[in-house]
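First the structure, in the form of structure tokens, and then the observations on it.
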Amino acid sequence: MSEERRYSLEDLLISRMARELKGEIVGGAATFCSMAAVKLAQLLHNPDLIDMSGGLHHFDSRAPLTLFHTEFLGKQSAKARVSWGELFLMVFREKFFVWIGPAQIDQNGNANISAIGPWARPKAALVGARGLPDDSVHLSSMNYHVIDHSKRTFVPRVDFVCAVGFGPARESGEVKSGRPGVVISNLGVFDFDEQSGRMRLQSLNAGVTLDQVKENTGFDLLLPSTVPQTDAPTQTEIALIRDRIDPLGLRFLDRMPRPEAAAFLDQLAAREREMFSSRL
Amino acid sequence: MNKVIGLRDVREEIRSGDTIVIGGGGLVRKPMALVEEVIRAGIRDLTVVSVLGGPDVDLLLGAGRVKKLFYAYVGFDFGGPGPNFRRAREENKAEFIEGSEFILISALEAGARGISFMPVRSGLGSDLLRVNSNLQKFVSPFGGEKLVAVKAIRPDVALLHVNSADPTGYGQILGDWFLDPLCAQAAKKTIMSAEKIVDTETIEQRFADTAIVKLWTSKVVEAPGGAGFTSCYPDYPADFVRLKEYLGHARSAETFNAYVEKNAAGQERRVS
């Protein structure tokens with residue numbers, strides 16, 4: 001194996017996502033890799049970044065990724081207790097950045113986490129729109145981590161619009177903020193052409209071909225004349241992720257198959273109890 | 001005023017057909033002991049309001065007690081959508097009214113203030129406006145901006161679980177408060193369970209942790225472990241073994257019935 005491939009897909013995703021978190025803002029995340037990305041950005045590129053993963057009672061705290069103890073580990077490093085009312089003012093004043101894990105995203109950047117099929121009688125009901133209709137009309141941009149790049153997730157048109165992409169609502173001026181920003185998947189990195197409002201390939205992840213992306217995308221992507229490769233994570237980043245940010249390996253849960261995840265979670269619950277019970 | 005009642009007395013405070021709002025969020029500090037008592041008491045046809053629903057909403061749906069649900073999310077965090085919520089949505093077993101987090105917050109704020117709606121930007125351009133008639137687009141009288149009017153929700157009862165409460169109804173939350181203060185302020189009455197009931201002097205010693213002011217509280221119930229298998233910082237983290245047991249039973253309506261029978265509906269099980 002060549003030198004530059006001594007990293008996991010997770011390392012690559014975390015490294016790439018971390019680079020988007022710029023300025024004195026709050027970083028939020030809905031997938032394990034993107035949670036790690038907020039922590040990596042804070043440690044490496046952007047000391048001004050606020051990690052909110054410890055909860056609003058331990059605002060701007062520092063802790064490794066855990067599944068069952070996120071509320072518990074921030075006590076020594078928290079800077080404030082913040083209310084949900086203030087959290088939404090941070091959203092409204094564009095002081096918030098979030099990596100969302102959508103079930104569907106379309107060629108114009110509409111995103112769906114509510115239902116597959118007709119909303120009133122879904123084929124598969126998902127969690128509900130959550131904060132997407134808030135974020136997508138207030139933030140400076142909407143950014144997505146799609147765990148499993150396929151024709152089921154990259155669709156011509158989402159079944160239900162939770163987050164607003166390019167289209168009539170933006171052309172009419174009704175929606176001004178929260179335009180689609182960066183989309184990262186296991187296959188590559190994508191952004192949007194503001195003129196046409198269409199999704200564009202930005203780079204291919206290591207080992208992925210253009211044909212593979214085309215075969216797994218349910219619409220035609222805009223393509224650059226030459227397609228670069230997604231930057232590889234550095235040795236420093238890989239070490240930080242492994243040793244300080246995610247020693248328990250939660251980042252691998254994003255795309256772990258179900259039976260394996262069940263066994264992993266059993267072990268994780270036991271390990272966390274062992275590691276943290278003295279701190280409770 | 002002494003507001004302490006037993007868990008079993010909760011059934012006198014809620015009626016079938018009531019609108020209840022539930023505190024906590026996802027797998028955090030859900031008032032599971034109170035929710036189980038509602039089920040045990042045979043209360044049904046509820047309108048349930050939950051910004052971030054978890055096992056509370058999922059259990060009520062699985063036990064067939066929900067007529068209408070206002071929600072932005074019903075999930076088990078890393079465990080995905082609530083399994084009974086998912087089944088009820090797919091089989092159209094209740095009336096579902098979906099909003100966003102801030103839309104639900106705004107509906108409760110309007111209810112708390114006693115006005116008919118709140119103006120928000122949330123939801124513009126989304127399909128929520130297509131499926132939720134409690135959201136109406138309107139033009140601002142000041143400058144012509146398009147906004148969304150969110151219809152007020154005024155719940156009959158708020159159900160909350162806190163770390164400690166005194167008999168007069170001060171409630172202290174050491175972890176994330178989520179929207180518990182707003183739930184209490186919007187509802188006509190609040191029933192609050194607590195890990196422990198303490199005297200008022202103990203409340204004074206850490207008054208900055210008081211999330212719920214006594215003015216909003218109607219009844220206080222002592223319920224150690226009252227968050228069930230959800231977490232209650234710093235008292236306990238989420239209980240993965242019991243969470244797995246729940247999810248295992250929730251795979252089908254039939255197996256879940258057995259779970260409800262054993263854990264909630266069983267007569268007099270938890271009566272002190």
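The values are calculated or read from the model by the stated rules, or taken from the named source; none is laboratory data. All values reported here derive from a predicted model rather than from experimental measurement. Note that each Cβ is placed from the backbone with ideal geometry, even for glycine, and that neighbours are counted across all protein chains shown.
If we scan region B:227-234, do we find a residue that is among the aromatic types (F, W, Y), in contact with a strand residue (DSSP E or B) (Cβ under 7 Å, 6 or more places away or on another chain) and surrounded by fewer than 24 Cβ atoms within 10 Å (Cβ to Cβ)? No, that holds for no residue. No other residue among B:L7, B:L27 is under 17 Å from B:Y71 (Cα atoms) and either of a type in the set (A, V, I, L, M, F, W, C) or in the same structural domain as B:A184 (by TED's automatic domain parsing) (or both) apart from B:L27. Here A:S136, A:S177 are screened, and the one residue that is within 20 Å of the chain's Cα centre (by Cα) and surrounded by fewer than 24 Cβ atoms within 10 Å (Cβ to Cβ) is A:S177. Here the helices (runs of 4 or more DSSP H) wholly within region B:31-114 that include at least 3 residues being within 11 Å of chain A (Cβ to nearest Cβ) and more than 19 Å from B:E13 (Cα to Cα) are B:83-90, B:101-113.
For B:I20, state whether it is buried (at least 19 other Cβ atoms within 10 Å of the Cβ) and assigned to a loop (DSSP other than H, G, I, E, B). It is false that B:I20 is buried (at least 19 other Cβ atoms within 10 Å of the Cβ) and assigned to a loop (DSSP other than H, G, I, E, B).
Across region B:118-142, the number of residues qualifying as aromatic (F, W, Y) and either within 10 Å of chain A (Cβ to nearest Cβ) or within 21 Å of the chain's Cα centre (by Cα) (or both) comes to 0. Residues A:A125, A:A115, A:A103: which one is touching a helix residue (DSSP H, G or I) at 6+ places or on another chain (Cβ under 6 Å), within 12 Å of chain B (Cβ to nearest Cβ) and within 22 Å of B:F76 (Cβ to Cβ)? Of the residues listed, the single one that is touching a helix residue (DSSP H, G or I) at 6+ places or on another chain (Cβ under 6 Å), within 12 Å of chain B (Cβ to nearest Cβ) and within 22 Å of B:F76 (Cβ to Cβ) is A:A125.
Taking only region B:99-116 into account, find how many residues are crowded, with 24+ Cβ neighbours inside 10 Å and farther than 29 Å from A:M256 by Cβ. Here the count works out to 10. Taking the criterion of being more than 11 Å from chain A (Cβ to nearest Cβ), in contact with a helix residue (DSSP H, G or I) (Cβ under 8 Å, 6 or more places away or on another chain) and of a type in the set (K, R), would at least one residue in region B:143-154 satisfy it? Among the residues of region B:143-154, at least one is more than 11 Å from chain A (Cβ to nearest Cβ), in contact with a helix residue (DSSP H, G or I) (Cβ under 8 Å, 6 or more places away or on another chain) and of a type in the set (K, R), which makes the answer yes. From the list A:V183, A:V164, A:V146, the lone residue that is among the aliphatic types (A, V, I, L, M) and surrounded by fewer than 24 Cβ atoms within 10 Å (Cβ to Cβ) is A:V146.
Residues that are surrounded by fewer than 24 Cβ atoms within 10 Å (Cβ to Cβ) and either among the polar types (S, T, N, Q) or without any contact (Cβ under 8 Å) to a residue 24 or more places away in the chain (or both) within region B:43-67 comprise just one, B:T47. When every residue of region A:241-248 is checked against the conditions, at least one turns out to be assigned to a helix (DSSP H, G or I), surrounded by 13 or more Cβ atoms within 10 Å (Cβ to Cβ) and out of contact with any Pro (no Cβ under 9 Å at 6 or more places or on another chain). Just wondering, is there one or more residues in region B:6-14 that are surrounded by fewer than 17 Cβ atoms within 10 Å (Cβ to Cβ), assigned to a loop (DSSP other than H, G, I, E, B) and at positive phi? No, region B:6-14 contains no residue that is surrounded by fewer than 17 Cβ atoms within 10 Å (Cβ to Cβ), assigned to a loop (DSSP other than H, G, I, E, B) and at positive phi. Filtered by the rule that a residue be touching a residue at least 60 places away in the same chain (Cβ under 8 Å) and touching an Asp or Glu at 6+ places or on another chain (Cβ under 8 Å), region A:102-134 gives a lone residue, A:Q107. Taking the conditions (1) within 18 Å of the chain's Cα centre (by Cα); (2) surrounded by 24 or more Cβ atoms within 10 Å (Cβ to Cβ) in turn, A:T153 satisfies each one other than (2). The criterion of being of a type in the set (V, I, T) and surrounded by fewer than 21 Cβ atoms within 10 Å (Cβ to Cβ) holds for A:T226.
The rows are residues; the columns are (1) of a type in the set (S, T, N, Q); (2) more than 20 Å from B:P237 (Cβ to Cβ); (3) within 14 Å of another protein chain (Cβ to nearest Cβ).
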| residue | (1), (2), (3) |
| --- | --- |
| A:R16 | no, yes, no |
| A:G23 | no, yes, no |
| A:A37 | no, yes, no |
| A:L43 | no, yes, no |
| A:N46 | yes, yes, no |
| A:L67 | no, no, yes |
| A:G74 | no, no, yes |
| A:S77 | yes, no, no |
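Test of understanding: among A:F32, A:F59, which residue is of a type outside the set (D, E) and touching a helix residue (DSSP H, G or I) at 6+ places or on another chain (Cβ under 7 Å)? Sole residue among the options that is of a type outside the set (D, E) and touching a helix residue (DSSP H, G or I) at 6+ places or on another chain (Cβ under 7 Å): A:F32.
A count restricted to region B:189-221 and to residues that are buried (at least 17 other Cβ atoms within 10 Å of the Cβ), farther than 10 Å from B:V162 by Cα and either of a type in the set (D, E) or not assigned by TED's automatic domain parsing to the domain that holds B:P167 (or both) stands at 1. Against the numbered list (1) closer than 24 Å to A:S34 by Cα; (2) in contact with a Phe, Trp or Tyr (Cβ under 7 Å, 6 or more places away or on another chain); (3) small (G, A, S), A:G197 comes up short only at (1).
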